[in-house]
Amino acid sequence: MGFWKKLFGLAKAGSESSASPPETVSPREYLWREMEAALKAVPTVTEVTRLPDDYGLRFLKNGEAVQMYLDNLFAETREVSPDERAQQIGRFLSAFAGESRDKLSWKEARKRLLPVVRSATFGLMAPPGESRPRPMVGRRTIPFLRELLVLDLPDATMYVQHDHLKEWGVSEAKAFKAAFANLDRIHASGVELQEENPSPLWSVDSNDTYEASRLLHPGFLASFTARVNGRPIAIIPTRSTLVIAGDGDPALLKRLCTLAEREHEASTRGISPALYTVDDAGHVVPYRLAGNDEFAQLVRRGHLRLAMGEYATQKQLLEAQHAAEDVDVFVASFGVLVREQDNRPISWSSWSKDVDTLLPVTDVVAIQAGEEDFFMVAYLDVERIASRYLSFMPELWPPRYRTIAWPSNAVLNELRAAQVDLAAYADD
């Protein structure tokens, strides 16, 4: 009888029969339960809860909120002996729950810092008993994504908090500079040509869990300009997936769209189902494709799936925060409709009269002036015509605007004059 079968209840060791069949527990679930029990046994740890959107745990250590992610630990311990597995789990726990074992000086920390790319709302759930999250050190450079900093420890990966910077006595800029210096030393490792014909297809297979981070390296994606067919494009559906090709081959472009969507959907560690490229300055930007053909719609769908998921998570977090703090403001949904004539996805949100609203940035806005009186206006026109009634909320990412008043009749008439027919809508 194999160790894993005994351990996970696939068969009952030492007994030929049982009054009731044993519970079948998946290996991932078993590790989750094991880590929950281990943390609850640590005297300095309280309020152990599961992360709702990731494979990990949240707990308070001496009153401070900590998040623990278990994907790497699961992969590293699944096929080892019981003794080695116990040792690895012990080291992992010590890195998170041990007494001051995660305290590093700046001299030590700067050698272990690395930048990682995550979705915009990653890690923004409030700690137990609090209404607001304790944000990680991060910055916004790519729409719907964030650059975060981690400490690459021998037995764990730890996200850098602002308290770390205070302890080290360094600024965010200095910490990011150190992290990118470390990324510079590893960014070229693991790059492999997977296919040469009919068009080159590259991937990063470094097995260091920082594959997607290469996309953040200045000049990395731009360096493929002469190595692919057309403009370089990349996908990062998961943390360990980075695939690069060119947009000169429509069949390969379609494959990348399909792969990005499929892998992102299947992963508990997903980042983005969208495609990315570089601008004229070499900066990573979302890849856009004009027109209404099949390829343009596939590209749009990837970006809108990312936006819809991030705005939905943000809405949930904001509503919980508002309920805890007794704030009365409507958090508008980010909706997507698909145009029947060409399958073009179009994002929309609604702004209703006399409703204090947090508006997401969408293709169009449904202006609801009365029960039977509503019309669609392109978001850019809403900003242009009614900017005095909108207040940008700089603390929110993805971005939102708060409606601070209902437009005057004159401005409402301007908005009516700018209304769009969705059957003819285009933003190219």
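The values are calculated or read from the model by the stated rules, or taken from the named source; none is laboratory data. These numbers were taken from a predicted model, which means no experiment stands behind them. Here Cβ is always computed from backbone atoms with ideal geometry, including for glycine, and neighbour counts include all displayed protein chains. Surface accessibility is based on the protein's heavy atoms, side chains included, excluding ligands, DNA and RNA. Shrake-Rupley method; radii C 1.70, N 1.55, O 1.52, S 1.80 Å.
When the residues of the range 256-281 are filtered to those that are of a type in the set (Gly, Ala, Ser) and at pLDDT 95 or above, which remaining residue is surrounded by the fewest Cβ atoms within 10 Å (Cβ to Cβ)?
Residue satisfying both the conditions and the ranking: 274.
Is the range 324-338 home to any residue that is open to solvent by 30 Å² or more (accessible area, probe 1.4 Å), touching a residue at least 60 places away in the same chain (Cβ under 8 Å) and more than 29 Å from residue 257 (Cβ to Cβ)?
yes
Which is on the phi < 0 side of the Ramachandran plot, in contact with a Pro (Cβ under 9 Å, 6 or more places away or on another chain) and either without any contact (Cβ under 8 Å) to a residue 24 or more places away in the chain or not in a helix (DSSP H, G or I) (or both), of 384, 388?
Only one candidate passes the filter, namely 388.
Which residue pairs have Cβ atoms under 8 Å apart, sit 6 or more places apart or on different chains, and have a first residue in the range 413-427 that is among the small types (Gly, Ala, Ser) and a second that is surrounded by fewer than 14 Cβ atoms within 10 Å (Cβ to Cβ)?
Pairs found: 423/341.
In this structure, is residue 183 buried (at least 19 other Cβ atoms within 10 Å of the Cβ), outside any loop (DSSP other than H, G, I, E, B), touching a Lys or Arg at 6+ places or on another chain (Cβ under 6 Å) and not small (Gly, Ala, Ser)?
Against the criterion (buried (at least 19 other Cβ atoms within 10 Å of the Cβ), outside any loop (DSSP other than H, G, I, E, B), touching a Lys or Arg at 6+ places or on another chain (Cβ under 6 Å) and not small (Gly, Ala, Ser)), residue 183 does not qualify.
Go through the range 24-113 and tell me which helices (runs of 4 or more DSSP H), entirely inside it, have 1 or more residues that are buried (at least 16 other Cβ atoms within 10 Å of the Cβ) and of a type in the set (S, T, N, Q).
71-77
For residues that are part of a helix (DSSP H, G or I) and either polar (S, T, N, Q) or at pLDDT 95 or above (or both), scanning just the range 412-428, find the one that is least open to solvent (accessible area, probe 1.4 Å). Give the derivation first.
Taking the range 412-428 first, the residues part of a helix (DSSP H, G or I) are 412-417, 422-424.
Still in the list and also either polar (S, T, N, Q) or at pLDDT 95 or above (or both): 412-417.
On the way: 412: 16, 413: 93, 414: 95, 415: 1, 416: 78, 417: 90 Å².
So the residue we want is 415.
Look at residue 150 and say whether it is in contact (Cβ under 8 Å) with a residue 12 or more places away in the chain and in contact with a Leu (Cβ under 7 Å, 6 or more places away or on another chain).
Details: in contact (Cβ under 8 Å) with a residue 12 or more places away in the chain: yes; in contact with a Leu (Cβ under 7 Å, 6 or more places away or on another chain): yes.
So residue 150 passes the test.
Consider residue 405 carefully, then state whether it is loosely packed, with under 15 Cβ neighbours inside 10 Å and touching a helix residue (DSSP H, G or I) at 6+ places or on another chain (Cβ under 8 Å).
For residue 405, the condition - loosely packed, with under 15 Cβ neighbours inside 10 Å and touching a helix residue (DSSP H, G or I) at 6+ places or on another chain (Cβ under 8 Å) - is met.
Name every residue in the range 164-180 that is touching a residue at least 40 places away in the same chain (Cβ under 8 Å) and in a helix (DSSP H, G or I), in order of residue number.
Answer for the range 164-180, where residues must be touching a residue at least 40 places away in the same chain (Cβ under 8 Å) and in a helix (DSSP H, G or I): 164, 167, 168, 175, 176, 178, 179, 180.
Within the range 201-221, can you find the residues that are modelled with pLDDT of 95 or more and open to solvent by 30 Å² or more (accessible area, probe 1.4 Å)?
Selection gives 202 alone.
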